[in-house]
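Scroll down for the structure; my scribbles are underneath it.
The values are calculated or read from the model by the stated rules, or taken from the named source; none is laboratory data. Bear in mind the structure is a predicted one, so any value in this text is a computation, not a measurement. Quick reminder, even Gly has a Cβ in these numbers, built from the backbone with ideal geometry, and neighbours come from all protein chains shown.
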Amino acid sequence: MEPTEKESLQETAAAVDPEVEEPTQEKESKKRFSPDNAKLMQEAISKLMKDNPIAHKKLEEFKEMQPLFQPHAFWDTQPVQKVTETMGRSKVTPGPIEEKKKDEIDTEPIKLADGFEWCKIDIHNEEHAKELYDLLNKHYVEDDKGSFRFDYTIDFLKWALCPPGYKPKWHIGVRATKSQKLFAFISGIPVNLNIMGEEVKSSEINFLCVHKKLRSKRLSPILIKEVTRRINRTDIWQAIYTSGTLIPKPFSGTLYYHRPLNYKKLVDIGFSKKTKHFTAKKKLYSLPDEPETLGFRKLRKKDIKKVYPLVKEYLSKFKVSMSFSPEEAVHYLNYREGVIYSYVVEDPETKEITDFVSFYALNSSILDNEKYDLMNVAYCWYHCSTKTPIEKLLKDATIMAKNEGFDLFQMLNVMDNEAVMEELKFIQSAGNLHYYLFNYRLPSIKPEDIGIVLV
Ligand SMILES: CC(C)(COP(=O)(O)OP(=O)(O)OC[C@H]1O[C@@H](n2cnc3c(N)ncnc32)[C@H](O)[C@@H]1OP(=O)(O)O)[C@@H](O)C(=O)NCCC(=O)NCCS
């Protein structure tokens, strides 16, 4: 009798990453850093430090860092910074970790386990777009409690995956050969980074997703290796990526802050805690009906020419930043209904464009609420100001987001954002977003030294 797809998947998926053999050295380090030992040690330290709040805080920090000190069968074999490599070093010289030539890179895709095959996802093909949407909508990033899951729209995916110079071959899917069902995805896009004053032709990796039925079968390392192979074949050797998961080794750890816009809905859906001070809180988070800055208006296409040099100049002051080309600025900064919301301040007298602010729309599915399906979330994107104080600019952005029907405004503490959080009533969210570079050594940098936001 033929096995069911589930049975055959379970069998084949177990062999999905035959290449990841742990080198002897890793097995040795596993003994020394065994999670069991670490747990016992932590428990003992916890007992000793119970009454010492400072020591307790340090212990909590240590616990959060622990994944970095454990063995990583895949990441320990990759050209990424190791935690031990930079520890205690007074100076880390930025630069590639390994140098290779295009000819050294395999021309053939990595072999997948029987029953699975690589496929190209053409986001402009409506069927493919729907398949990718469905995979991400059901299996992409969730919050810790499993109450919310990112819901990237097809329009958003088309925009995010197809910047100028994008490579269709870097939009990689894995299908079950028999059913042709899409089970996993990873994407790369070309980007230019400015790292400590150095222009680095690079890639950005995003939308890594494995169907829940295929989790923990080590398919991710294969997807990462395959996208790396395809990118290396175009003579690009670096990548930037972000993740809530701690792996070796971030160059920075940033925090999300959120600002309620529709407080009642946030309480109803369990995002904000119910409190007896509901009315006072609702009042606290109320916003004016209109933006307050004179000359604040929606960006028009022809404004990009004026906005581009301002953004370029602003981003160049950060240690690590995006280095947009004029074509990329058009793609990334233009107003795009339902995707990117961009605004400028035009001086009413001189007609000069003096400031720019933008946010992107990324809703979350609400997984267990009878009344609501979606939490509408605006995420702070790029901005720059030459005249309007940044807190005024971002306040106007929150007002526009509220008027556009968003329930929540999220912002990372990158760029100069941290400075406005308190005044604009942002609250720190749970969890971190770590920033990573593939094949690039860099000293740890502070969130306020980052001029990059990834979607
Ligand atoms: C992230 C996800 C693809 C990992 O898949 P998985 O089945 O749990 O893990 P696999 O068995 O395939 O692979 C495990 C390896 O991938 C690494 N890994 C897991 N999540 C990762 C991430 N977000 N980025 C890079 N590597 C990751 C693990 O560290 C591990 O490598 P290691 O042994 O060297 O530590 C999967 O959990 C998923 O689709 N989650 C929802 C979407 C998501 O969070 N995507 C990542 C967004 S940043």
### Task
Test Ser147 against the criterion of being away from the ligand (no atom under 14 Å from the Cβ), polar (S, T, N, Q) and touching a Leu at 6+ places or on another chain (Cβ under 6 Å), and give yes or no.
yes
### Message
For the range 405-453, give me the residue count where each residue is of a type outside the set (A, V, I, L, M, F, W, C), surrounded by fewer than 20 Cβ atoms within 10 Å (Cβ to Cβ) and not in a strand (DSSP E or B).
### Response
12
### Task
Go over the candidates His139, His128 one by one and state the one that is at negative phi and more than 18 Å from the chain's Cα centre (by Cα).
His128
## Note on the structure
Residues of the range 56-88 being β-branched (Val, Ile, Thr) and either touching a helix residue (DSSP H, G or I) at 6+ places or on another chain (Cβ under 9 Å) or within 16 Å of the ligand (Cβ to nearest atom) (or both), in sequence order, are Thr77, Val80, Val83, Thr84
### Query
Would a scan of the range 256-279 turn up a residue that is touching a residue at least 12 places away in the same chain (Cβ under 8 Å) and within 16 Å of the ligand (Cβ to nearest atom)?
yes
### Query
Among all residue pairs at least 6 apart or on different chains, which show Cβ distances below 6 Å where the first residue, located in the range 380-397, is assigned by TED's automatic domain parsing to the domain that holds Ile353 and farther than 20 Å from Ala329 by Cα and the second is in a loop (DSSP other than H, G, I, E, B) and among the polar types (S, T, N, Q)?
Thr388/Thr293; Lys392/Thr293; Asp396/Thr293
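Out of everything in the range 97-116 that is of a type outside the set (Gly, Ala, Ser) and surrounded by 15 or more Cβ atoms within 10 Å (Cβ to Cβ), what residue ends up being nearest to Ser179 (Cα to Cα)? Spell out the reasoning first.
First, pick out the residues of the range 97-116 that are of a type outside the set (Gly, Ala, Ser): 97-112, 114, 116.
So of that shortlist, the ones also surrounded by 15 or more Cβ atoms within 10 Å (Cβ to Cβ) come out as 97, 105, 110, 112, 116.
Details: Ile97: 41, Ile105: 31, Ile110: 21, Leu112: 16, Phe116: 10 Å.
The extreme case among them is Phe116.
Name every residue in the range 317-356 that is aliphatic (A, V, I, L, M) and surrounded by fewer than 18 Cβ atoms within 10 Å (Cβ to Cβ), in order of residue number. Talk me through it step by step, then tell me what you get.
First pass over the range 317-356, keeping only residues aliphatic (A, V, I, L, M): 320, 322, 329-330, 333, 339-340, 344-345, 353.
Residue satisfying the conditions is Val330 alone.
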### Summary
Residue pairs qualifying under the 9 Å Cβ cut-off, at least six apart or on distinct chains, with the first in the range 72-85 being farther than 10 Å from Pro248 by Cα and aliphatic (A, V, I, L, M) and the second being near the ligand (Cβ under 6 Å from one of its atoms) and not in a loop (DSSP other than H, G, I, E, B), are Ala73/Pro221
### Query
What is the one condition in (1) of a type in the set (Gly, Ala, Ser); (2) under 27 Å from Thr153 (Cβ atoms); (3) without any contact (Cβ under 8 Å) to a residue 60 or more places away in the chain that Ala401 does not satisfy?
(3)
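Among Ser365, Ser358, which is over 18 Å from Val267 (Cβ atoms), of a type in the set (Gly, Ala, Ser) and touching a Lys or Arg at 6+ places or on another chain (Cβ under 6 Å)? Don't jump to the end; show me each part of the working.
Working: Ser358 fails: touching a Lys or Arg at 6+ places or on another chain (Cβ under 6 Å).
One residue alone meets the criteria, Ser365.
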### Query
In the range 80-163, which helices (runs of 4 or more DSSP H) lie fully inside it and hold 2 or more residues that are among the polar types (S, T, N, Q)?
83-86
### Summary
Per the filter on the range 166-186, residues in contact (Cβ under 8 Å) with a residue 60 or more places away in the chain and either small (Gly, Ala, Ser) or within 19 Å of Val339 (Cβ to Cβ) (or both) are Ala176, Ser179
### Task
Examine the range 280-302 for a residue that is without any contact (Cβ under 8 Å) to a residue 12 or more places away in the chain, farther than 30 Å from Asp347 by Cα and in contact with a Phe, Trp or Tyr (Cβ under 8 Å, 6 or more places away or on another chain), and state whether such a residue exists.
no
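Conditions (1) modelled with pLDDT under 70; (2) basic (Lys, Arg); (3) at negative phi; (4) assigned to a helix (DSSP H, G or I), marked per residue:
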residue: Thr12; (1), (2), (3), (4): yes, no, yes, yes
residue: Glu21; (1), (2), (3), (4): yes, no, yes, no
residue: Glu26; (1), (2), (3), (4): yes, no, yes, yes
residue: Lys31; (1), (2), (3), (4): yes, yes, yes, yes
residue: Gln42; (1), (2), (3), (4): no, no, yes, yes
residue: Lys47; (1), (2), (3), (4): no, yes, yes, yes
residue: Ala55; (1), (2), (3), (4): no, no, yes, yes
residue: Lys58; (1), (2), (3), (4): no, yes, yes, yes
residue: Asp76; (1), (2), (3), (4): no, no, yes, yes
### Query
Scanning the range 192-208 for residues that are within 16 Å of the ligand (Cβ to nearest atom) and of a type in the set (A, V, I, L, M, F, W, C), which turns out farthest from Cys162 (Cα to Cα)?
Leu208
### Query
Which ones in the range 79-125 are touching an Asp or Glu at 6+ places or on another chain (Cβ under 9 Å) and either on the phi > 0 side of the Ramachandran plot or modelled with pLDDT under 95 (or both)?
Lys82, Val92, Gly95, Gly115
### Query
Inside the range 356-401, can you point out the residues that are under 28 Å from Lys302 (Cβ atoms), assigned to a loop (DSSP other than H, G, I, E, B) and of a type in the set (Lys, Arg)?
Lys387
### Count of the range 214-249 residues which are away from the ligand (no atom under 11 Å from the Cβ) and assigned to a loop (DSSP other than H, G, I, E, B)
7
